[in-house]
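Read the structure below first, then the notes.
The values are calculated or read from the model by the stated rules, or taken from the named source; none is laboratory data. Bear in mind the structure is a predicted one, so any value in this text is a computation, not a measurement. Positions of Cβ are backbone-derived with ideal geometry, glycine not excepted, and every protein chain shown enters the neighbour counts.
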Amino acid sequence: MKKFIALAAIAWTVALLPARSHGQAFRLNGGRSLPHINTAWTLPRGQFTLHAFGSSYYQTVVKKVGNVPEAKTFWDVQSALALYFASGKNLEWAVKQIVYQDTHRGEGYNVPDDLFLNMKFGSFGSKISPLKAGLILNGRIPLAKEHNILFEPYSGGSVEMGLIGAASYSPDLLIPENAFNLHVNFGFWHHNDTGKLLTGAPNDTLAVLKPSQEFLWGAGFAVPTTQFDFSFELYGRMFMTKPPGTAYSREDAIYFSPSVNYRPKHWAALNVGFDFRLTQDKEETRYDTGLPIINLDLPSYPAWRVNFGATFHLNQAAPPDNRPLFVSANGRLVPRQKSLENQLNVEQRKTENAEEELEKIREERKRMEAMLARLRNLLYDDKSGESAKPEENKNPAENPADQNKNQ
């Protein structure tokens with residue numbers, strides 16, 4: 001009971017702090033995913049995980065009022081909570097709520113902001129293959145008062161839908177996070193915003209004529225150590241159909257994001273990282289339609305952003321005597337308990353034996369194909385030789401043996 005009370009207090013504290021973004025491309029990734037890139041892996045069946053996210057960015061703009069310089073700082077702060085659950089071996093569900101979001105309009109913030117629903121079909125692939133595939137269905141339900149927010153990915157305030165394909169590679173078949181792992185994402189996002197007026201101004205007549213659509217892409221890899229995982233991600237968004245000029249964020253963007261994940265306990269992990277924008281600060285927003293001008297010196301997307309959060313495994317059993325299941329050996333995590341180590345060794349031997357049997361079957365097949373080819377050649381040569389022989393004389397009188405008898 002004390003554990004769950006502590007978890008709730010920590011999660012709520014993190015959610016109220018500036019925290020990790022709902023994503024310049026991929027929104028609120030939790031479970032077994034990297035900070036921004038989805039993995040193809042799903043949680044173990046029956047596993048619950050709680051995630052607290054947050055992000056923060058600020059920029060100070062100096063402007064002269066008469067002869068006196070005046071400085072003003074603009075913040076973009078966001079925090080969120082997410083719950084993940086695996087109902088099957090290949091099926092994972094997620095509910096994600098943005099708790100706080102700066103808007104720079106209206107009251108200046110949304111509490112709460114929008115709700116996200118995810119369903120992942122993942123961990124598909126051969127048991128002896130290091131590659132796995134997955135598919136993620138995403139939905140966004142508008143609960144916030146303000147949408148079309150500066151510094152944030154575009155949203156017109158409608159029910160939005162997305163589809164993301166994921167592929168993951170890890171040479172460790174039993175515990176893929178235990179080895180170097182690589183992930184690739186490609187996706188599509190449909191904003192469903194036809195007919196929306198984005199500024200909220202009474203004289204705004206520039207409505208969305210076609211639903212805005214985006215192509216999402218990204219790749220990343222993680223390098224694990226005893227208690228720390230280091231990840232590096234490259235991801236971006238490209239509009240296939242752009243929203244009108246009244247949208248604050250209608251430009252394409254590419255980000256590079258390094259991060260580190262620290263696991264102090266078997267049931268908890270802490271994450272911190274940075275986003276760095278690689279694309280230029282190009283302004284495509286029109287302010288002659290009633291859209292509030294926050295500051296013309298501000299970019300549409302942050303040039304940088306600090307992200308941090310926490311992950312809690314709610315129903316993961318503690319290891320025997322509350323000591324870690326794995327310890328470091330030559331820079332790699334290995335099982336501490338002998339029974340678990342023996343089980344892993346047995347499974348590894350089974351995998352190696354299966355690979356050896358497959359290789360033997362392939363070699364035997366090649367040998368049989370070669371033998372069949374030789375037999376076909378021999379049969380062809382025999383038929384060719386028989387067709388070349390002259391026909392046997394069927395007249396008994398011309399048979400030498402019969403002639404001798406007649407003599």
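Across region 134-144, the number of residues qualifying as in a strand (DSSP E or B) and surrounded by 15 or more Cβ atoms within 10 Å (Cβ to Cβ) comes to 5. Taking (1) more than 10 Å from P35 (Cβ to Cβ); (2) touching a strand residue (DSSP E or B) at 6+ places or on another chain (Cβ under 8 Å); (3) not basic (K, R) in turn, S231 satisfies each apart from (1). Take the residues in region 224-283 that are polar (S, T, N, Q) and within 27 Å of G156 (Cβ to Cβ); name whichever of them is farthest from the chain's Cα centre (by Cα). So the residue we want is T246.
Taking the listed residues L117, L137, L150, the one that is among the hydrophobic types (A, V, I, L, M, F, W, C) and touching a His at 6+ places or on another chain (Cβ under 8 Å) is L150, with no other qualifying.
Among the candidates F116, F121, F151, the residue that is surrounded by 15 or more Cβ atoms within 10 Å (Cβ to Cβ) and in a loop (DSSP other than H, G, I, E, B) is uniquely F151. In region 167-183, the residues that are on the phi < 0 side of the Ramachandran plot form Cβ pairs under 6 Å with partners that are part of a loop (DSSP other than H, G, I, E, B) and of a type in the set (D, E, K, R), at six or more places apart or across chains, as follows: N178/D172; A179/D172. Would it be correct to say that L375 is more than 30 Å from I128 (Cβ to Cβ) and modelled with pLDDT of 85 or more? It is true that L375 is more than 30 Å from I128 (Cβ to Cβ) and modelled with pLDDT of 85 or more.
The strands (runs of 3 or more DSSP E) falling completely within region 244-335 that include 3 or more residues that are modelled with pLDDT of 80 or more and surrounded by 20 or more Cβ atoms within 10 Å (Cβ to Cβ) map to 253-265, 268-277, 304-313.
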